[in-house]
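To start, the structure itself, in structure tokens.
Taken together, the values in this text are just the output of simple stated rules run on the coordinates, not laboratory data. What you see is a predicted model; the values in this text were computed from it and never measured. In this analysis, Cβ positions are derived from the backbone assuming ideal geometry, glycine residues included, and neighbour counts consider all displayed protein chains.
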Amino acid sequence: MQVQSKKLSFKGQHVFVGLDVSKTSWKTCILIGQYEHKTFTQPPRSKDLVQYLHHNFPEAEYHCVYEAGFSGFWAHDQLMEAGVHCVVVNPADIPRTGKEMANKTDRVDARMLAQNLRDNRLKAIYVPVKDRLEDRTLVRMRQLFVRKQTRCKNQIKALLYFYGIPIPEDIGDRHWSRRFIRWIEGISTSKESGKQALDVLLEELMSLRKIISDLNRKIRTLSMEEPFREPVRLLKTIPGISTLTAMILMSELIDIRRFPSLDELTCYFGLVPGERSSGQRQIITGITHRRNVFLRYLIIESSWIAVRKDPALMQTFGELIRRMPKNRAIIRIARKLLNRVRFVLINQKPYQNLVVATRT
């Protein structure tokens, strides 16, 4: 008589997977209930993990987590498509014990992620769709090359100072005009090698300028396509917001409705004060270090423009600087400007500029 084997099934049970992701391998920790099934190293391929889960825990509900970082979100997308519910978390938001911080290894990190996922102690970050991520990459690439251009300009000025060549006052270097560039090209040094060193930097600067100009054209073209066309048009009605600024905002925010309140949006920009408190002692440490590095600088720079163009903000800024330094006052203005950005995007209405009534 042949005995039929019972089919293995984990239906209704939850399997939790913590991944410590690196370029060459993934350290994987699998928990089922309160028990650790296994911690092992696997190739950095989502299909291998999916096959392992289906083979060892058929019909279970699979949950996976890994830290945001260099690897992006492709693993998240592939795991979600394969039926594994995956979340990505900010490394700074993961609860850690003193022992876990003192003995930090890939194995410990993977186990810690799995345990926190099982205990529902993790807050997932927003994962954009692939198309929006690629749009964001183009916009961020421009910002990367602008920083390279600034570095190159500083190197040129440092080399001029090193050679003892003063910059003429009637030319100036503030805007790096064509006249200023031609003056640099005409500089002669005591030896040809010194001129060659300067020419190399100048050649790099002109190359970076061309790349940035090409990126500007590409971003302007992208701003006229969906889903950017209408949000960019609306944002440009706000004083201080240009096409480029609007594109940076939209490529980073993607969906304004993922921020339920203005407070959460200002936290994302990093426009809130830091705090260290213990018992009755409260210490405000100034503006927080946690921020979106692309957005806080952007909104503050836009605020300096807005206070010159918007009468209401100009009046508010004038009142603020009577009782605080300008660099603190502009943070208050940045929050107001951000509130206008949020209002315009949520209500899909252009900003109506307020005119300050003058006393007669």
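The residue that is nearest to the chain's Cα centre (by Cα), among those in the stretch 182-204 that are in a loop (DSSP other than H, G, I, E, B) and surrounded by 12 or more Cβ atoms within 10 Å (Cβ to Cβ), is Ile187. Just one of the listed residues (Thr39, Thr24) is in a strand (DSSP E or B) and among the polar types (S, T, N, Q), and it is Thr39. Residues of the stretch 117-161 that are in contact with a strand residue (DSSP E or B) (Cβ under 6 Å, 6 or more places away or on another chain), aliphatic (A, V, I, L, M) and in a helix (DSSP H, G or I): Leu117 alone. Of all residues in the stretch 222-276, those satisfying the criterion of being under 15 Å from the mean Cα position of the chain (by Cα), farther than 19 Å from Gln348 by Cα and in contact (Cβ under 8 Å) with a residue 40 or more places away in the chain are Thr266, Phe269, Leu271.
The set of residues in the stretch 285-308 that are surrounded by 13 or more Cβ atoms within 10 Å (Cβ to Cβ) and either more than 19 Å from the chain's Cα centre (by Cα) or among the hydroxyl-bearing types (Ser, Thr, Tyr) (or both) comprises Thr288, Tyr297, Ser302, Ser303, Trp304, Ile305, Ala306, Val307.
So that you can scan it fast, the table gives a plain yes or no per residue for (1) touching a residue at least 60 places away in the same chain (Cβ under 8 Å); (2) surrounded by 12 or more Cβ atoms within 10 Å (Cβ to Cβ):
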site: Pro95; (1), (2): no, no
site: Gly98; (1), (2): no, no
site: Asp109; (1), (2): yes, yes
site: Ala124; (1), (2): no, yes
site: Arg147; (1), (2): no, no
site: Cys152; (1), (2): no, yes
site: Tyr161; (1), (2): no, no
site: Phe180; (1), (2): no, yes
